[in-house]
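The structure under discussion appears below in the form of C-alpha cells.
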Amino acid sequence: MKKYDVRLMTPYVSWENIEAEDEQAAIAQCTLEHWPFFGPMSFLAIEVETVVEGEECPHCGENRMDWLIWNDAGEIKCQSCESAYSID
Ligand SMILES: [Zn+2]
C-alpha cells in the first residue's frame, strides 16, 4: 500500500498520510471522509516515500521516510511517536 498527501490548493487544505492503492484512490478516500462537497478533480495527490518493509517504526508503524530520522547513536528516531529503534 502506498501513502499519499492529498491537497486542495484553494482554499489550501491538506490531509497527510493517506494509505491507498493509487492517486485516484487516495483522493477518493479524502473526498469521501473529509470533504464530500468538493469534486475529486479539485485535489492533488502526492506520493510519499516510505521505507522498505521491516524498517518501519515498531511502536507506531510509521513508515514515511521523512518521519524516520537517523540519530547520532545509529538509531532511527520516529518523529510520530518520539521513540528510537535500531534495525539489524
Ligand atoms: Zn513511531
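So which of ILE18, ILE76 ends up being surrounded by 17 or more Cβ atoms within 10 Å (Cβ to Cβ), within 16 Å of the ligand (Cβ to nearest atom) and either modelled with pLDDT of 95 or more or under 15 Å from the mean Cα position of the chain (by Cα) (or both)? Step through it out loud before you land on a result.
Details: ILE18 fails: within 16 Å of the ligand (Cβ to nearest atom).
The match here is ILE76.
What are the residues in the stretch 38-55 that are free of Cβ contacts under 8 Å to residues at least 12 places away in the same chain and part of a loop (DSSP other than H, G, I, E, B), if any? Can you show your working first?
Step one: list which residues in the stretch 38-55 are free of Cβ contacts under 8 Å to residues at least 12 places away in the same chain, which gives 39, 41, 52-53.
Within the stretch 38-55, GLY39, VAL52, GLU53 qualify.
List the residue pairs whose Cβ atoms are under 6 Å apart, where the first residue sits in the stretch 61-88 and is part of a strand (DSSP E or B), the second is among the basic types (Lys, Arg), and the two are 6 or more positions apart or on different chains.
ILE69/LYS77; ALA84/LYS77
The values are calculated or read from the model by the stated rules, or taken from the named source; none is laboratory data. Since this is a predicted model, take the numbers as computed values, not measurements. Using ideal geometry, Cβ is built from the backbone for each residue, glycine included, and neighbour counts are taken over all protein chains shown.
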